[in-house]
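Input: a single structure, listed below in structure tokens.
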Amino acid sequence: MGSDKAGLAIDGQSFLERALHVLDAVVTDVRIACGPTPRYLEYGRELVLDRAGDLGPLGGLEAALFSTRAEFVLALACDMPRVDSALLAELVDVAIARDLDVCVLRSTRGIEPLCGVWRVSMAHAIESALARGERRVVAAFDAPLSHGSRPRVGFVDVAEPECVFNVNTPADFQRERSR
């Protein structure tokens with residue numbers, strides 16, 4: 001995209017503001033994973049910093065999992081402006097009901113690992129993936145948990161792939177603005 005997508009705005013609301021609003025409807029403790037340096041202080045939320053340099057989204061997940069006292073972390077990338085709170089609540093329900101370590105959205109476009117529920121036990125798997133030089137979020141799906149087993153990964157399938165649309169290019173942003 002060439003710039004920080006969190007500040008992109010549609011109808012006067014930034015992508016980050018929208019993501020915070022959607023998350024607030026589902027969970028009580030919403031934090032911002034912001035990379036290795038503090039950003040977004042103006043939103044008045046607790047910031048979660050990468051534990052070792054700029055590790056991208058996988059590093060943000062690792063930091064979130066190590067920083068919480070909760071059993072699960074609900075993650076939502078801010079560049080998914082069509083995801084709503086009902087879909088996030090369904091992810092939480094499925095993760096708990098099926099006793100999963102990870103539960104993410106899946107559509108005909110593929111999986112969306114940055115829209116999902118991650119059990120804190122995944123911190124070790126993510127740490128292992130990062131230690132191997134991985135930066136892809138899905139690399140954690142194949143890394144062992146602290147007790148050696150593989151993570152239990154599940155999916156919530158969405159019939160309409162447009163609801164998990166990612167804004168990755170200026171053309172995507174223009175498309176979203178004209179929607």
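Where a number appears in this text, it was derived from the coordinates with a stated rule and is not lab data. Computed from a prediction, not measured in an experiment: that's the story for all the values here. Please note: Cβ atoms are built from the backbone with ideal geometry, for glycine as well, and neighbour counts cover all protein chains shown.
Given the C-alpha centroids of the range 32-65 and the range 96-131, what is the distance between them in whole angstrom? Taking the Cα centre of the range 96-131 as reference, the centre of the range 32-65 is 18 Å away.
Considering helices alone, the calculated mean residue ellipticity of the chain at 222 nm is -9000 deg cm²/dmol, with DSSP H runs of length four and up weighted by -39500 (n - 2.57) and normalised per residue. Relative to the longest principal axis of the Cα atoms of the chain, the long axis of helix 122-131 lies at roughly 90 degrees.
Modelled label positions at VAL138 and ARG175, each set 7 Å beyond Cα in the direction of Cβ, lie 1.9 nm from each other. Based on the convex hull around the alpha carbon atoms, the chain presents an average projected area of 10.2 nm².
Would you mind checking the tilt of helix 85-97 against the longest principal axis of the Cα atoms of the chain, expressed as 0 to 90 degrees and rounded to 10? It works out to around 10 degrees. Each label point was placed 7 Å from the Cα along the Cα-to-Cβ direction; for ALA131 and GLU17 their separation is 4.3 nm. Here the simple spin-label model places points 7 Å from the Cα toward Cβ, and for ARG152 and LEU41 these points are separated by 4.3 nm. Scaling the Cα radius of gyration of the range 79-138 by the globular reference 2.2 N^0.38 Å produces a ratio of 1.21.
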